[in-house]
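Shown next, in structure tokens, is the structure this report addresses.
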Amino acid sequence: MNINFLEVDVFNNEAGSLISLEAKKNVPFEIKRVYCIFKTNTELRRGFHAHKNLNQVLICVNGSCKVLLDDGYERTNIELSSPSKGLIIKDFIWREIFDFSSDCVIMVLADNFYDESDYIRDYDEFLKIIKNY
Ligand code: TYD
């Protein structure tokens, strides 16, 4: 599976660290939505969906987690443990996020607003859609 990462400059100094994300500059799309995932349960997986029309970048700004990506043919696990490495997830990719460190904070940039009708939350339905492509 072709996995695309976003390289992000991290500005570190004795006061702390900073990253900056700019639409159509270091982020390859117009950002319409930002959401964060935090206070995660280290024992539980989340996600379990794909999107029909949504590009996203996941940045683990603190701690670490793993992301399972599944394009209907192959499954790959990616570890995110640095804000310098964003994970680009396009549409029709099933994702699950797991193995959260207790201090994990994930920031997600998306090129569209929240729309529940854009979600595919059933894995069998996801496979059916992929196989009929
Ligand atoms: P959910 O999609 O279940 O999270 P995950 O895929 O990480 O398991 O979302 C959790 C709740 O948050 C759900 O009620 C929908 C809501 N939500 C929004 O209102 N806006 C958003 O941008 C997102 C991603 C979720």
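Every number in this text was worked out from the coordinates using simple rules, so none of it is lab data. What you are looking at is a predicted structure, and each value in this text was computed from that prediction instead of being measured. Glycine also receives a Cβ, built like all others from the backbone with ideal geometry; neighbour counts cover every protein chain displayed.
Which of G16, G63, G86 ends up with the largest GNM mean-square fluctuation for the chain, with Cα atoms connected below 10 Å?
Among G16, G63, G86, the largest mean-square fluctuation in the Gaussian network model of the chain belongs to G16.
Can you give the helix-only mean residue ellipticity at 222 nm for the chain, where every DSSP H stretch with n ≥ 4 adds -39500 (n - 2.57) and the sum goes over all residues, rounded to the nearest 500 deg cm²/dmol?
The per-residue figure over the chain is -2000 deg cm²/dmol.
Of the DSSP beta bridges with both residues in the chain, give the percent that are antiparallel, rounding to the nearest 5.
Restricted to the chain, the bridges split so that about 95 percent are antiparallel.
Could you pull out every one of the aspartates and glutamates with an alpha carbon less than 15 Å from that of K39, ignoring same-chain neighbours closer than 8 positions?
D99, D103
How much length would be gained if the chain were fully extended between E79 and E125, taking 0.36 nm per residue of separation minus their Cα-Cα distance, in nm to one decimal? Numbers along the way, then the final one.
Details: separation 46, 0.36 × 46 = 16.56 nm, distance 2.66 nm.
Gain on stretching E79 to E125: 13.9 nm.
For segment 58-124, which chymotrypsin sites (Phe, Trp or Tyr not before Pro) are both in a DSSP coil and crowded by at most 13 other Cβ atoms within 10 Å?
Filter output for segment 58-124: Y73, F113, Y114.
What are the semi-axes of the equivalent ellipsoid of segment 57-133, taken as the square roots of 5 times the eigenvalues of the Cα gyration tensor, listed largest first and rounded to whole Å?
Square roots of five times the eigenvalues give 24, 15, 11 Å.
How about segment 74-133: which GluC sites (Glu not before Pro) there are in a DSSP loop, with at most 12 other Cβ atoms within 10 Å of their Cβ?
Those satisfying the criteria are E74.
Give the separation of the Cα centroids, segment 68-117 to segment 1-29, in Å.
Going from one Cα centre to the other spans 15 Å.
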